[in-house]
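Enquirer: The structure's right below; bear with me while I get my questions together.
The values are calculated or read from the model by the stated rules, or taken from the named source; none is laboratory data. On a predicted model such as this, the values are computed, not experimentally measured, just so you know. Positions of Cβ are backbone-derived with ideal geometry, glycine not excepted, and every protein chain shown enters the neighbour counts. We work out accessible area using only protein heavy atoms, side chains counted, and drop any ligands, DNA or RNA first. Shrake-Rupley method; radii C 1.70, N 1.55, O 1.52, S 1.80 Å.
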Amino acid sequence: MKIIAVISLLMSGLVAAGQSTMPTRNLEVTANRTVSLIFPSSIHSVDRGSERIIVQKSTATVLRVKADSAFADTTNLPVITSDGKLYSFLVWYALSPKILTIDLGIHDNILKDTLLTAFALRAKQAGSSLHGIKYAAGNVVLHVPGIYTNGEQIALKLRISNQSSLGYEIGGVQAAVAGGRSSKRRAVQSRDVSILLTEMEVPVVRERQSGLLVIILPKTDLTRGQALQILVQEKGSSRQLLVSVPNKFLINATLLK
C-alpha cells in the first residue's frame, strides 16, 4: 500500500508539473441566467466544488455556468484545458451577475501583443548591421538595415526613403517565401508567411524624408536557394517595393534578449 501511495503521489506531481496555473478569478452566478466562459483552448476537464452550480460544455471551448439555487457560501470551479493550463474560479451567488460572458483568451492575446511590441521596440532601437538589401521604385527606396531574433520570432527593420516629390502612404505589408527547387528539380511555388506584428514609425513617409517600419514573423523554414520576400504596397498607387532577403541573412540574425 505504501508503494502504491508513493507512485500515486509521484504521478500527481508529474501532472501538476506539466500544467501552468492561471490566477484565481471571481465568478458570479445566478439561477435564472447563464454565465458563459470562453477558453482559448478546448476544455479537458471540469470539477464542480458544489452541486449547487450547474456546468455544461456547449462547444469545445465554451462552458456555461449557472446556479441550481441560491447559496450563501462560496465554492470553487477548476477547469483544465487541452494546453495544460489550469483555470481556477471562486464562485458565489449573486441576484444579478455583473458579467455574463467572460473571454479568457483576451488576457493571453494582450500579453502576446505586449511581448511582440516590446520585441519590435528593441529591434527598432538596435544598431543597424546590414547593407545592400534594398529595392527602389518611383524614387522610393526600401532598405533592410537589420534582422533580429529572440529565438522564437524574427524581426526585420525596414527603412523607407522617399526621394520623390510625393508622399508615400503605406497601404500594406506582405511576406512570402519564394524560390528554390524540390527534390525532383521542379520549381517550388511561393507560400505566404503570416506577419505577427507591424510597427510603423509613421504611416506616411513624406517627400524627401524617411521612416522606419518593423515587422515580426514566426521562424520560417527556408531551403537552399529560397529567400524571404517582403512587399510594401503604397495605398492608392502603384509604387510597390519588393525586397528579397536570402536565407543566410535570416539564420545569422542578431540575437536580442
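Enquirer: Would you mind estimating how fast region 100-143 diffuses translationally, via Stokes-Einstein at 25 °C and 0.890 mPa s with the Kirkwood radius over Cα pairs, in µm²/s?
Expert: D = 175 µm²/s.
Enquirer: Could you tell me how far the Cα centroid of region 104-162 sits from the Cα centroid of region 221-257, in Å?
Expert: Taking the Cα centre of region 104-162 as reference, the centre of region 221-257 is 11 Å away.
Enquirer: Shifting gears a bit: Amide H of Thr254 versus every other amide H placed in the peptide plane: which residues, excluding those fewer than 5 positions away on the same chain, fall under 5 Å?
Expert: Ile147, Tyr148, Thr149
Enquirer: Provide the per residue accessible area, probe 1.4 Å, for the chain, rounded to a whole number of square angstrom.
Expert: That works out to 59 Å² per residue.
Enquirer: Apply the Karplus curve 6.51 cos²θ - 1.76 cosθ + 1.60, θ = phi - 60°, to the phi angles in region 70-86 and return the couplings in whole Hz, x for Gly and Pro.
Expert: Per-residue couplings from phi come out as 5, 9, 8, 8, 9, 9, 10, 9, x, 10, 10, 9, 5, 8, x, 8, 9 Hz.
Enquirer: Taking only Cα atoms, what is the 0 to 90° angle, nearest 10, from helix 105-125's long axis to the longest principal axis of the chain?
Expert: 30 degrees
Enquirer: Work out the charge dipole of the chain with +1 on the Cβ of Lys and Arg and -1 on the Cβ of Asp and Glu about the Cα centre, then indicate which of Ser194, Leu100, Gln163 is farthest towards its positive end.
Expert: Projecting each Cα onto the dipole axis, the largest value belongs to Gln163.
Enquirer: I want the antiparallel fraction of DSSP beta bridges within the chain, as a percent rounded to 5.
Expert: Expressed as a percentage, antiparallel bridges in the chain total about 85.
Enquirer: Related question: Hey, got the dipole for the chain? About the Cα centre, +1 on K and R Cβ, -1 on D and E Cβ, debye to the nearest 20?
Expert: That gives the chain a dipole magnitude of about 960 debye.
Enquirer: Out of the total accessible area of region 102-165 (probe 1.4 Å, heavy atoms of protein only), what percent is carbon and sulfur?
Expert: Solvent-exposed carbon and sulfur of region 102-165 make up 54 percent of the total.
Enquirer: Note down the relative contact order for the chain as a percent, whole number, built from C-alpha pairs under 8 angstrom at least six residues apart.
Expert: The normalised contact order for the chain reaches 16 percent.
Enquirer: Another one. Quick one: divide the alpha-carbon radius of gyration of region 117-219 by 2.2 N^0.38 Å and tell me what you get.
Expert: Its radius of gyration relative to the 2.2 N^0.38 Å reference: 1.19.
Enquirer: When only the heavy atoms of the protein chains count and the probe is 1.4 Å, how do His107, His143, His131, His44 rank by accessible area, highest first?
Expert: Of His107, His143, His131, His44, the descending order of accessible area is His131, His44, His107, His143.
Enquirer: Specify the angular offset, from 0 to 90 degrees and rounded to the nearest 10, of the alpha carbon long axis of helix 2-17 from the longest principal axis of the alpha carbons in the chain.
Expert: Computed tilt is about 40 degrees.
Enquirer: Here is a follow-up. Largest first and to the nearest Å, give the Cα extent of region 30-91 along each principal axis.
Expert: Each principal axis gives a Cα extent; for region 30-91 these are 34, 18, 13 Å.
Enquirer: Among the listed pairs Lys134/Lys257; Lys57/Lys219; Lys57/Lys257; Lys85/Lys157; Lys85/Lys219, give every one whose C-alpha distance is greater than 31 Å.
Expert: Pairs exceeding the cut-off: Lys57/Lys219; Lys57/Lys257; Lys85/Lys157.
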